[in-house]
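The values are calculated or read from the model by the stated rules, or taken from the named source; none is laboratory data. If you're wondering where the values come from, they're calculated on a predicted model, not measured in any experiment. Counting neighbours? That spans all protein chains shown, and the Cβs are built from the backbone with ideal geometry, glycine included. These area figures cover heavy atoms from the full protein model, side chains too; ligands, DNA and RNA do not enter into them. Shrake-Rupley method; radii C 1.70, N 1.55, O 1.52, S 1.80 Å.
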Amino acid sequence: MDHDLVFARDGFKLYRGEAGGSQDPEKVSARRRTACNRLHLPENFRLHDWRASKITNDLDAHENPVEV
């Protein structure tokens, strides 16, 4: 059952000795906002958009598709 929780990946330790597990969505959002502010990114910045733009630019520049 989904309770609107965000789950950490295996390498992230939420508590000592425990990897993974649920996190409070508001805390995840707050950490994201903090990181975006530090990097001076726009408020509506989405990592997926940046990744898609990077891939498109690399392919337009005739980079090796396997490496891209």
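Below are the figures for this structure:
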| read-out | value |
| --- | --- |
| Hey, N64 at pLDDT 85 or above and either open to solvent by 100 Å² or more (accessible area, probe 1.4 Å) or in a loop (DSSP other than H, G, I, E, B) (or both) or not | yes |
| Residue that is modelled with pLDDT under 60 and either among the acidic types (D, E) or surrounded by 10 or more Cβ atoms within 10 Å (Cβ to Cβ) (or both), where the choices are K54, K13 | K13 |
